[in-house]
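The values are calculated or read from the model by the stated rules, or taken from the named source; none is laboratory data. Owing to the predicted nature of the structure, the values given are computational and were not obtained by experimental measurement. Don't worry about glycine lacking a Cβ; one is built from the backbone with ideal geometry, like all the others, and counts go over all protein chains shown.
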Amino acid sequence: MSIVLPSAARLLQMAFLGIALTVAGAPVVLKAQDTPSLLFADKTALNVDATSLDLQIQDIPPREYPHVNYRSNVRFEDGAREWAAKRFMLTGNSVNKLRVTIRKGDITEKPLPVKKGFKGLFTKDQEAEYSAVLDVEVAVIDPNGMVLSSASGKSLSTRTVTEGSTEADKQQVWAGLVVSSFDELDTALIPQIRQAMGRYIR
């Protein structure tokens with residue numbers, strides 16, 4: 001998977017959409033280098049009767065083993081920001097807000113058994129399995145903070161790495177897990193959004 005820094009046009013698009021990021025209730029200022037461009041599957045933008053998009057992170061994974069999300073150069077908030085910007089087009093036809101909440105976004109590591117001794121000299125086993133869990137809620141909020149309509153979805157993705165994998169190899173795997181998690185989430189969540197939130201999202 002290729003990851004490139006965003007173009008100026010991409011940053012302007014996000015600024016136009018009015019995307020705000022909140023972590024555990026506190027706003028976060030985003031810099032250009034914090035916003036990599038992730039290559040999701042092609043998405044058709046949905047029109048949303050809202051004037052701004054608010055990204056919230058409800059649960060912050062621990063910064064200790066077996067959790068590795070904090071070590072990744074591409075995290076779930078990056079994925080949510082890109083996914084939301086590509087998936088939803090704000091029409092500005094109402095004073096409502098579109099809120100995307102990461103209720104859970106984490107990657108954990110599980111060591112795998114590898115061959116030792118003479119046989120191990122001639123084989124390369126998978127030495128670790130990484131599991132990504134993603135739980136997202138999409139909601140339309142009125143100016144008073146009342147939820148007018150919402151839908152939620154979950155995804156679970158796994159990948160493995162071989163013996164001797166470098167930190168760069170792992171970074172690529174973790175970034176791939178973020179992308180695949182949102183692609184799987186999208187498949188399950190969008191039909192729910194169309195059904196449950198059809199009054200506000202089309």
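Sub-9 Å Cβ pairs linking a first residue in segment 72-85 that is within 17 Å of ALA41 (Cα to Cα) and buried (at least 22 other Cβ atoms within 10 Å of the Cβ) to a second residue that is modelled with pLDDT under 90 and of a type in the set (Phe, Trp, Tyr), at least 6 apart or interchain, are GLY79/PHE40; GLU82/PHE40; TRP83/PHE40, ordered by first then second residue.
Yes/no per residue for (1) acidic (Asp, Glu); (2) surrounded by fewer than 13 Cβ atoms within 10 Å (Cβ to Cβ); (3) touching a strand residue (DSSP E or B) at 6+ places or on another chain (Cβ under 6 Å):
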| residue | (1), (2), (3) |
| --- | --- |
| ALA132 | no, no, yes |
| VAL147 | no, yes, yes |
| THR160 | no, no, yes |
| GLU167 | yes, yes, no |
| VAL173 | no, no, yes |
| ASP186 | yes, no, no |
| LEU189 | no, no, yes |
| GLN195 | no, yes, no |
| ARG199 | no, yes, no |
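Can you say whether THR108 is touching a Pro at 6+ places or on another chain (Cβ under 7 Å) and without any contact (Cβ under 8 Å) to a residue 60 or more places away in the chain, as far as the supplied structure shows? Yes, satisfied.
Looking only at segment 37-49, decide whether some residue is part of a strand (DSSP E or B), out of contact with any helix residue (DSSP H, G or I) (no Cβ under 8 Å at 6 or more places or on another chain) and within 20 Å of GLY145 (Cα to Cα). Yes, some residue in segment 37-49 is part of a strand (DSSP E or B), out of contact with any helix residue (DSSP H, G or I) (no Cβ under 8 Å at 6 or more places or on another chain) and within 20 Å of GLY145 (Cα to Cα).
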